[in-house]
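Enquirer: Sharing a structure with you now.
The values are calculated or read from the model by the stated rules, or taken from the named source; none is laboratory data. Bear in mind the structure is a predicted one, so any value in this text is a computation, not a measurement. Methodologically, a virtual Cβ is constructed for each residue, glycine included, from the backbone with ideal geometry; neighbour enumeration extends over all protein chains shown. These area figures cover heavy atoms from the full protein model, side chains too; ligands, DNA and RNA do not enter into them. Shrake-Rupley method; radii C 1.70, N 1.55, O 1.52, S 1.80 Å.
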Amino acid sequence: MNGQFSDQLLAWFESCGRHNLPWQQEPEPYHVWLSEIMLQQTQVATVIPYYNRFLQRFPTIKLLADADIDDVLSHWAGLGYYARGRNLHRAAKMICDDYSGDLPANKEQLLTLPGIGRSTAGAIMALAFKQHDAILDGNVKRVLCRFYAVNGWPGQPAVEKRLWQLAEGLTPEINVAHYTQAIMDLGATVCTRSKPQCDICPVASECLARKQESQDKYPGRKPKKTIPLRETVFLLLENRKGEILFEKRPATGIWGGLWCFPECSPDDDIEEWLLAKTGFSASIIKKLSIIKHRLTHFRMEILPVHLKVKQCNNVKAMGEQQWCASGDALKFGVPAPVRNLLLTMSE
DNA sequence: AAGACGGGGCG
DNA sequence: CGCCCAGTCTT
């Protein structure tokens, strides 16, 4: 029977699960939603300080909806995947407009909100509304791949389809909130990527991967490909007051909506490029050491160049711009390399 | 179906 | 350095 898996997991959860995470204290729908969005592609330990700061600044969905997007993004800065922050803000507005400020307890309606997909909708239904619904996040995928010895990479549509079937089959009708938390905890603390602790696993005796002594084979690896190198130049323009010029990036694409420095290619003549594109006449003070930034899909090498502005004729703004003392810039949403650069400079 | 999207943690 | 993480959206 399917009930055995959930029963064993629930019994284990009671004594060994995590019951002290910040979003478990007041499990209201907003808290569950916020934590689920932050936890997408991001680990618990990283999320916790961001979660606490965010909720302190935006205690309710209404206050979030009414906030300025820059304010929202500055509290997201450093977490990555900034579309999550923008979607959260958009969804908060929709929730206020369409549902009087409360998350709908309805899966189809949740799925219409930006940033909420199948797994997050399932998590909100189960954890916040105690409704029977399955999730399939990275932890659950790993647990199920091992328990059923599912071959193939979980990102593969056929494999993912199979995993959803298994996840739905195992999810119990009752105690669904505890079960959902339990299977995530099992993946996070016991059925870990490397060195799983099968000796303390509540479902080890039925686990096919363990029977085959091939836990390391599951889940199947993502086919790897060589990731490209992207080289860029950060232009740190300083005016007479010692302020630095920042530009707001477009809402979509890398670091969408965050504040950054003007950027050119290493192939450009820097002073010429500046004059042509922005109207600033500036001279190079110093080229700083190259910053290496590694992402999932490419590597970045950033050359920061410090310049002094001599003259400004007809500034051609390429987007929103502002001059700002380097220390004050951290109040805005800036990407991690920019933050690190500013911190280094102020030392 | 495939690619884009950030940053941190770990072996 | 490679791989992964409480995924979703766009093309």
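Enquirer: If contacts are Cα pairs under 8 angstrom and at least 6 residues apart, what is the relative contact order of chain A in percent?
Expert: Dividing the mean separation by the residue count of chain A yields 17 percent.
Enquirer: Could you tell me the ratio Rg/Rh of the range A:132-218? Both radii from Cα atoms, Rh via Kirkwood.
Expert: Dividing the radius of gyration by the Kirkwood radius yields 0.94.
Enquirer: Output the 0 to 90 degree angle, nearest 10, between the alpha-carbon long axis of helix A:157-170 and the longest principal axis computed from the alpha carbons of chain A.
Expert: Compared with the principal axis, the helix lies near 50 degrees.
Enquirer: Over the range A:229-345, what relative contact order in percent results from Cα pairs under 8 Å that are six or more residues apart?
Expert: Computed over the range A:229-345, the figure is 34 percent.
Enquirer: Pop out the carbon and sulfur fraction of the accessible area of the range A:235-347 as a percent, whole number, probe 1.4 Å.
Expert: About 49 percent, which is the carbon plus sulfur part of the accessible surface.
Enquirer: Would you list which lysines come within 23 Å of A:K277, measuring only between C-alpha atoms, while excluding same-chain residues fewer than 8 positions from it?
Expert: A:K241, A:K248, A:K286, A:K287, A:K308, A:K310, A:K316
Enquirer: What are the ³J(HN,Hα) couplings of the range A:100-109, residue after residue, when phi is run through the Karplus curve with 6.51, -1.76, 1.60 and θ = phi - 60°? Round to Hz, x for glycine and proline.
Expert: Per residue, the Karplus-derived 3J(HN,Hα) values read 6, x, 10, 4, x, 8, 8, 5, 4, 5 Hz.
Enquirer: Additional query: On average, how much accessible surface per residue is there in chain A, in Å², for a 1.4 Å probe, leaving out ligands, DNA and RNA?
Expert: For chain A, the per-residue accessible area is 51 Å².
Enquirer: Then there is this: When the distances between all Cα atoms of the range A:229-345 are binned every 5 Å from zero, what whole-number percent does each bin get?
Expert: P(r) for the range A:229-345, in whole percents per bin: 2, 11, 22, 26, 22, 13, 3, 1, 0.
Enquirer: Could you work out how far the C-alpha centroid of the range A:274-315 sits from that of the range A:228-264, in angstrom?
Expert: About 8 Å separates the Cα centre of the range A:274-315 from the one of the range A:228-264.
Enquirer: Ok, one more. Given a 10 angstrom Cα cut-off, can you work out which residue in A:R240, A:R142, A:R118 is the most mobile in a GNM of chain A?
Expert: Between A:R240, A:R142, A:R118, it is A:R240 that shows the largest mean-square fluctuation.
Enquirer: Within the range A:243-329, report the trypsin sites (Lys or Arg not before Pro) that DSSP leaves as loop and that have at most 14 other Cβ atoms within 10 Å.
Expert: Qualifying residues, ordered by number: A:K316.
Enquirer: Another question, if that's okay. For A:K217, give me every one of the lysines with a C-alpha distance below 23 angstrom, ignoring sequence neighbours fewer than eight places off in its own chain.
Expert: Output for A:K217: A:K141, A:K161, A:K195, A:K225.
Enquirer: What's the angle, to the nearest 10 degrees (0 to 90), between helix A:3-16's Cα axis and the longest principal axis of chain A?
Expert: The answer is roughly 60 degrees.
Enquirer: What percentage of all Cα-Cα pairs in chain A are separated by more than 27 Å?
Expert: Here the long-distance tail beyond 27 Å is 56 percent of all Cα pairs in chain A.
Enquirer: In whole percent, how big is the carbon plus sulfur part of the accessible area of the range A:3-217, probe 1.4 Å, protein atoms only?
Expert: 48 percent
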